[in-house]
Amino acid sequence: MGAASKICKNDAMDLPSPPPTSNSTSIPTSTSTSDVPYSHLTVDTSLSVPEMSPRVIELCKDLFKDWSKLDSSHFHVETVSGGITNLLLKVSVKKDSGDTESVTVRLYGPNTDYVINRERELHAIKYLSAAGFGAKLLAVFGNGMVQSFIKARTLTPADMKNPELAAEIAKELHRFHQVEISGSKEPQLWNDIFKFYERASVLEFDDSEKQKKYQTISFKEIYDEAVDLK
C-alpha cells in the first residue's frame, strides 16, 4: 500500500494530499486529467491471466518511468478478488534494490460502458482519490486504470455489528459526502436504471433454459413500475 507514492515520482502525477477533517461544509479538491499519467494501450480481457500478463507488464512499463527499463522477469501478475464489473489484477515489481512494489490494475469488463458512464466514474474517482478515499489513482489507460494496492479484506456482517467500527464508518461517510466534485449535481439514478432496462430488455441467451426463463419476465410491467416510482 505504501509503495505507490514512489512509482510516479518522475511523472506528471500531482494529486493533493488528503485534507484534514474540519467543520466546513465541503472538502475542496483540485485535480485534472493532466495530473494523471495516461497510456493509449489496452488489454484484451478475453485472454487468460497468463496470456494477458505480458501486455499488462508492457502497460505498466509504459506508464511508470521507474519501471520502464526493468526486465519483465521482475514483474508478477495475479488476480485479485472483489471486482464486480471489472477484472482486478495485482502487479508486483521486484526492483534492483530488492524492494517490492505493488499496484492494482483495474480492467473494465466487456460491454460495461453500456450501463456505466466511465468518464463520469473516472471524474468522481479523481476527486475522491485526492480527498483520501479508497485506493489512490495512479494512472489511466485505454480500458482501465491503475490504483495503489491496498492489502485488506471485505467486512463481514459480524464486523458491521461492532459499535466502534460502525461509528468510524459513519464518520467517513460524513466526510465522503463533504467532498466537492465539479460538474452537474443532477441525480443520475434514474438515467442509470433506464440504461439497465434498455440493455436487459433485449438480451438473448444461447442456453435455451435461460432464454425460456428470460421470456417470462414482463419488461413492460417493470418499465411502468419504474416510471411510477420516478
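Quick notes
- Residue within region 22-38 that is surrounded by fewer than 17 Cβ atoms within 10 Å (Cβ to Cβ), modelled with pLDDT of 90 or more and either in contact with a strand residue (DSSP E or B) (Cβ under 8 Å, 6 or more places away or on another chain) or of a type in the set (S, T, Y) (or both) present: yes
- Among the residues of region 122-172, the ones that are within 16 Å of V80 (Cα to Cα) and either of a type in the set (V, I, T) or over 19 Å from the mean Cα position of the chain (by Cα) (or both) come to 3 in all.
- Region 103-125 residues that are of a type in the set (F, W, Y), paired with ones that are modelled with pLDDT of 85 or more and assigned to a helix (DSSP H, G or I) (beta carbon under 6 Å, 6 or more apart): Y114/R199
- In region 167-203, the residue that is nearest to L128 (Cα to Cα) out of those that are aliphatic (A, V, I, L, M) and either touching a Gly at 6+ places or on another chain (Cβ under 6 Å) or loosely packed, with under 12 Cβ neighbours inside 10 Å (or both) is L173.
- For A139, the criteria (1) exposed (fewer than 14 other Cβ atoms within 10 Å of the Cβ); (2) under 25 Å from S102 (Cβ atoms) hold in every case but one, which is (1).
- Selected residue (criterion: nearest to the chain's Cα centre (by Cα)) from residues of region 196-211 that are part of a helix (DSSP H, G or I) and free of Cβ contacts under 8 Å to residues at least 12 places away in the same chain: E198
- Lone qualifier among F176, F133 - being among the aromatic types (F, W, Y), in the same structural domain as V93 (by TED's automatic domain parsing) and touching a residue at least 12 places away in the same chain (Cβ under 8 Å): F133
The values are calculated or read from the model by the stated rules, or taken from the named source; none is laboratory data. Please read all numbers here as calculations on a predicted model, not as lab measurements. Cβ coordinates were reconstructed from backbone atoms using ideal geometry, including for glycine residues, and neighbour counts include every protein chain displayed.
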